[in-house]
1. Choose one answer from THR172, THR22, THR274: the residue with the largest mean-square fluctuation in a GNM of the chain with alpha-carbon springs under 10 Å.
2. What do you get for the angle between helix 5-21 and the principal long axis of the chain? Use alpha-carbon atoms, 0 to 90 degrees, nearest ten.
3. Among [x] 30.2; [y] 22.2; [z] 21.6, which one is Kirkwood radius over Cα pairs in Å computed from these coordinates?
4. Return the loop-located trypsin sites (Lys or Arg not before Pro) in region 185-251 (DSSP other than H, G, I, E, B) with at most 13 other Cβ atoms within 10 Å of their own Cβ; answer none if there are none.
5. Determine the dipole magnitude for the chain: charges of +1 sit on the beta-carbon of Lys and Arg, -1 on that of Asp and Glu, nothing else is charged, the reference point is the Cα centre, and the result goes in debye to the nearest 20.
6. Let me make sure I get this right: for region 5-187, a, b and c are the square roots of the gyration tensor eigenvalues over alpha carbons, sorted descending. Under 1.5 in a/c it's rounded, otherwise prolate if a/b > b/c, else oblate. Which is it?
7. By the scheme Lys and Arg +1, Asp and Glu -1, what is the net charge of all other residues having a beta-carbon under 13 Å from that of LEU34?
8. Give the residue list of trypsin sites (Lys or Arg not before Pro) in region 251-281 that are DSSP loop and have at most 14 other beta-carbon atoms within 10 angstrom.
Amino acid sequence: MEHSVADLQRALAAALDTLARTGGDWRAIEAPGLRGVDLSTAPLVLIGAGSVIAQPFVAHALAHLNVAGVVDNARAGTVQHGHTILDDAGLRALMARRPDLVGVMCCCADRAVEHFSALWAPGGRPLLSLFQAMRHAGLETPDAFSDPAGIAALLDRRDVWEGYADEESRRTYLSLLLHRLTWDRAWIEPRRLPYKAMYFFTDALDVGTDETLVDGGAFDGDTVVYFHERTAGRYRAVHAFEVDPANVDALRRRTADIPRVTVHPLGLWDGDATLRLSAGGAASSVGDGSGVEVPVRALDGLDLGPVSLIKLDIEGAEIPALRGAADTIRRHKPKLSLAVYHKPDDLAAVQDAISAIRPDYRFRLRHHSPIFHDTVLYAE
């Protein structure tokens, strides 16, 4: 169902008011079809149960809840906790035998969610998102993101969401807040774009054919490959920054045949320092953790020349990296593609950081995930 900005604003205000009146009872703002679900007795099917992010819930469900089936195409036929893991056909057969099933969408990747949602839809049975199910089971969810006070504060930032350059951005902002408050995917599904569209394949930013790209958080080179595809190889240069030593070799291999790519095995920050890395593959972050020591630098001190496009997805270090690129931003006004989902207030705080450096940017917002991850702020 499509909602106007006014509809979304009213729905969000009403949900916050309901929570205030009910002492924070999250069941009072659930979709009507889910309010009667009792996970302690309902026969559950765990869909996409191999998802890494879902493992705490899957383990809890197998040990304590009434699990009728476990679905994971990659492990079909193997046995987990007494359950033979099902594939698509097994899920269809189980649905035919058990009309009382309640589904839990354990996977969070866009293609997997689309695939299993299509299989599940014909039955019209209840389907909980992973975080809805965790709430029902009394497990810890990303509470900082669903905190009503924090969401109310973001709703009050009308200067942010009313100031976007287009209506789609305003809808995306408010829909994300409703999703965080309820963990109901129905709020973000109308706004969700393909994962591959992040950063470069988007209507929210004009990516040209003469760009010099700074790719902060290049991981294994996937975004460099996407940029090369988006521009058909027509660009000046790519500077790929990756702070996790475990990813750098893969980055070099994947980009070896792509011209004019320089790999920088360091992180972007607001100054030159050595920090500790909390390694996590695609989600490695720097700070005061207990991992290996890694170098970080300010972009302004690297003498890269004019930069026309900066992409940052660096696990919560986006604001320090922007401060370290302040001179570059003031002088060249590069286009920006920035992750704004690592911290609860990033939706407003990253935009504030940009405007403090240079106030003449125009902003757009897009979302690329079935959960609260992969939200991108575009500025030009």
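Laboratory data are not the source of any read-out in this text; all were calculated from the coordinates shown. Owing to the predicted nature of the structure, the values given are computational and were not obtained by experimental measurement. When we count neighbours, we look across all protein chains shown, and the Cβ atoms used for this are built from the backbone with ideal geometry, even at glycine.
1. Highest fluctuation of the listed residues: THR22.
2. Once rounded, one gets 60 degrees.
3. [y]
4. Values: sites: ARG185, ARG191, ARG192, LYS196, ARG230, ARG234, ARG236; in loops: ARG191, ARG234, ARG236.
Those that pass, being in a loop and sparsely packed, are ARG234.
5. Numbers: 40 positive and 51 negative charges, 127 e Å.
It comes to approximately 600 debye.
6. Numbers: a/c = 2.27, a/b = 1.87, b/c = 1.22.
In terms of gyration-tensor shape, prolate.
7. Details: positive: ARG27, ARG35, ARG125, ARG135, ARG185; negative: GLU30, ASP38, ASP184.
So the surrounding residues net to +2.
8. On the way: sites: ARG252, ARG253, ARG254, ARG260, ARG276; in loops: ARG260.
When the trypsin sites (Lys or Arg not before Pro) of region 251-281 are filtered for loop state and at most 14 Cβ neighbours within 10 Å, ARG260 remain.
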